[in-house]
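Asks: One structure coming up, written as structure tokens, with questions to follow.
The values are calculated or read from the model by the stated rules, or taken from the named source; none is laboratory data. Owing to the predicted nature of the structure, the values given are computational and were not obtained by experimental measurement. Cβ atoms come from the backbone with ideal geometry, glycine included; neighbour counts cover every protein chain shown. The protein model used for the area step is the full one, side chains on, heavy atoms only, and it has no ligands, DNA or RNA in it. Shrake-Rupley method; radii C 1.70, N 1.55, O 1.52, S 1.80 Å.
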Amino acid sequence: FVLTMLLLMGTGHFGGSLTHGEDYLSYYLNREEDTTPKIANLEDAVVFRDLIRPVTDKKCVSCHNTSKTKGDLQLHTIEAIQKGGKNGAILATGKPGDSHIFQRVTLPAEDDKHMPPDGKEPLTQMEKAFLEWWIASGASFEDSVKNLPKTEDIEALLNEFANSLTKDVNPVFKASVDEVDPETIAEIG
């Protein structure tokens, strides 16, 4: 029984390492607290940090990080993104169509080079549009939404995104409630 349990634990661990990366058990333990501020005003949001980075962290970094570098590409830091991978730079500033990262996420799903690969959650149309807009606007890592030129389509998507931010907040937490009288609490307790 003990031998079977040890073999089962070893197999599970190595299988998890193979599919999720070597640090899958300790990733959140070793990770610094997320200090990204919540978006209070979308116009002041930094495009890369608040619109692009969350997408790459969720949908790309699991395969492109320090322990798992498919195509010699890492996407976990700004420096790694700027460096690119085995095919060179992934960003062609001002030219989304020439940017490898944008090309890969917009390929047909059945294409072998489409990213993310089968079994992983693909980018939404909104995420692709924001990526294209960011690259077309110069792929700055510091510019805020208000500093970048916007088309009507991007304005509409930004409004949709802003509306989704307020929907995530439970209305119970927004409600203003008067303090309960201590006598009422005593009667209940």
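Asks: Scanning the chain for helices, which whole DSSP H stretches are 20 Å or more long along the axis (Cα) and average -0.5 or more by Kyte-Doolittle?
Replies: Correct list, ordered by number: 2-20, 152-167.
Asks: Could you check the spin-label model distance between D143 and A89? Points 7 Å from the Cα along Cα→Cβ, value in nm.
Replies: Inter-label distance under the simple model: 1.5 nm.
Asks: Give me the extension gain from E152 to K128: residue separation times 0.36 nm, minus the current Cα-Cα distance, reported in nm with one decimal.
Replies: 7.1 nm
Asks: Still on this structure, I have one more. In nm, give the distance between the simple-model label positions of A186 and S164, each being 7 Å from the Cα along the Cα-to-Cβ direction.
Replies: The modelled label-to-label distance comes out at 5.2 nm.
Asks: What residue among T151, T93, T69 has the largest mean-square fluctuation in a Gaussian network model of the chain, using Cα springs under 10 Å?
Replies: Taking springs between Cα atoms under 10 Å, the residue moving most is T151.
Asks: Starting from the Cα gyration tensor of the stretch 47-132, take the square roots of the eigenvalues, sort them a ≥ b ≥ c, and report rounded, prolate or oblate (rounded when a/c is under 1.5, otherwise prolate if a/b is larger than b/c, else oblate).
Replies: Note, shape of the stretch 47-132 comes out rounded.
Asks: Would any residue of the stretch 129-146 have its amide N under 20 Å from a label point 7 Å out along Cα→Cβ of L107? List them or say none.
Replies: 129, 131-132
Asks: Taking all protein chains as present, what is the carbon and sulfur share of the accessible area of the stretch 71-152, in % to the nearest whole number, probe 1.4 Å?
Replies: 48
Asks: Now, a different point. Using helices alone, I'd like the mean residue ellipticity at 222 nm for the chain: each DSSP H run of four-plus residues gives -39500 (n - 2.57), total over residue count, nearest 500.
Replies: Estimated from H runs of four or more residues: -12500 deg cm²/dmol.
Asks: May I pose another question? With a 1.4 Å probe and all protein chains in place, put K86, K120, K150 in order of accessible area, largest first.
Replies: Final ranking, largest accessible area leading: K86, K120, K150.
Asks: Express in % the proportion of alpha carbon pairs of the stretch 43-189 at distances exceeding 18 Å.
Replies: 63
Asks: Continuing with the same structure: Which whole-number value in Å² is the accessible area per residue of the chain, probe 1.4 Å?
Replies: On a per-residue basis, 70 Å².
Asks: A follow-up question, please. As an exercise, use a Förster radius of 22 Å and the Cβ-Cβ distance of D44 and E121 to find the FRET efficiency, rounded to the nearest 0.05.
Replies: Efficiency, from the Cβ-Cβ distance: 0.20.
Asks: Okay, moving on. When the solvent-accessible surface of protein heavy atoms is calculated with a 1.4 angstrom probe, in what order do S17, S99, S164 fall, highest first?
Replies: S164, S17, S99
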